[in-house]
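The values are calculated or read from the model by the stated rules, or taken from the named source; none is laboratory data. Keep in mind that what you see is a predicted model, and the values were worked out from it rather than measured. Cβ: placed from backbone, ideal geometry, glycine included. Neighbour counts: every protein chain shown. Accessible surface is based on the protein model in full, side chains and every heavy atom, while ligands, DNA and RNA are left aside. Shrake-Rupley method; radii C 1.70, N 1.55, O 1.52, S 1.80 Å.
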Amino acid sequence: MFLSKRRIVLFGVIGALVITIILLPRIQYFVNAPDVNVIDFNLAAVDISNLSNNTNNIELSLLFDVYNPSDKSATTSKVEYDLFGDNKLLGHGVLSYEDIPLNGRPQFSPGQTATLKSAIILQPSDMNMDVIEKLISNSSDSINSIRWNVNGSSQIESAFVILEKDFSDVL
């Protein structure tokens, strides 16, 4: 009997090895990480989303534009940043997608720009009171007159790799 169970298993194993060897360059392409140095984080906008006079807290809405010029898709699981207004530290923000499956996270597609939205709550202190007063006046001129900058890092992920990307931008 030419096709015994042993020979069928042997041919199956040989076939799997041949397919793996043939597809190895393609597998390596998917396993390799995108070049995180070319992924660009920009602070696109800072707006007041909630101004509470009762608690003296101001909630700001930040928009980050993330441009991926590489030829590989990527995503992020976490973005941490420090927000500065007129060179004074206003607060620390975290935008986390760690509890969301990889396919539900924001996608940084090749040659595309993705927008991430984050909220940060500012609490007045002696160090940032002049910036807070500008925001409380709530005029568009006052928010535009503030020099915003952000410093942070993001975890960039592809299929099998997680890399850290530091960024800094001025608006």
Legend entry - Shape box of the range 47-118 [Cα atoms, principal axes, largest first, Å]: 47, 28, 17
Inset, instruction - Return the single residue from 142, 73, 154 with maximal mean-square fluctuation; model: Gaussian network over the chain, springs between Cα atoms under 10 Å. - result: 142
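Which FRET efficiency value, to the nearest 0.05, is calculated for residue 35 and residue 126 with the Förster distance at 41 angstrom and r the Cβ-Cβ distance?
Working: r = 43 Å, r/R0 = 1.05.
After rounding, the FRET efficiency stands at 0.40.
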Legend entry - Dipole-positive endmost among 51, 9, 73 within the chain (Cβ charges, Cα centre): 9
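Please state the relative contact order of the range 55-171 as a whole percent: Cα pairs under 8 Å, 6+ residues apart?
Normalised by residue count, the contact order of the range 55-171 is 34 percent.
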Inset, instruction - Please build a GNM for the chain, connecting alpha carbons under 10 Å apart, and tell me which residue among 123, 107, 155 fluctuates the most. - result: 123
Inset, instruction - Quick one: angle between helix 5-31 and the longest Cα principal axis of the chain, in degrees between 0 and 90, rounded to 10, please. - result: 30 degrees
Legend entry - Computed log₁₀ I(q)/I(0) - Debye formula, equal Cα scatterers, no solvent, the chain, q 0.11, 0.17, 0.20 Å⁻¹: -0.58, -1.01, -1.22
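Taking the solvent-accessible surface of protein heavy atoms with a 1.4 Å probe, what is the per residue accessible area of the chain in Å²? Before the final figure, lay out each step's value.
Numbers: 10330 Å² over 171 residues.
Spelled out: the 1.4 Å probe surface of the chain, per residue, equals 60 Å².
Would you please classify the overall shape of the range 91-171 from the alpha carbon gyration tensor, given that a ≥ b ≥ c denote the square roots of the eigenvalues, rounded means a/c under 1.5, and beyond that prolate means a/b larger than b/c while oblate covers the rest? Don't jump to the answer; show the numbers that get you there.
Working: a/c = 2.61, a/b = 2.25, b/c = 1.16.
Note, shape of the range 91-171 comes out prolate.
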Legend entry - Gaussian network model of the chain, springs between alpha carbon atoms under 10 Å - residue of 62, 24, 43 with greatest fluctuation: 24
Inset, instruction - Give me the accessible area of residue 59, 1.4 Å probe, in Å² rounded to the nearest 10. - result: 60 Å²
Legend entry - Estimated inter-spin distance, residue 170 and residue 115, nm [label 7 Å along Cα→Cβ]: 2.5 nm
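Which percent of the accessible heavy-atom area of the range 39-131 goes to carbon and sulfur, probe 1.4 angstrom? Intermediate values should be presented prior to the final figure.
Working: 2100 of 4660 Å².
Whole-percent figure for carbon plus sulfur exposure: 45.
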Legend entry - Set of the range 109-147 residues, backbone N closer than 12 Å to the point 7 Å along the Cα-Cβ line of residue 42: 113-115
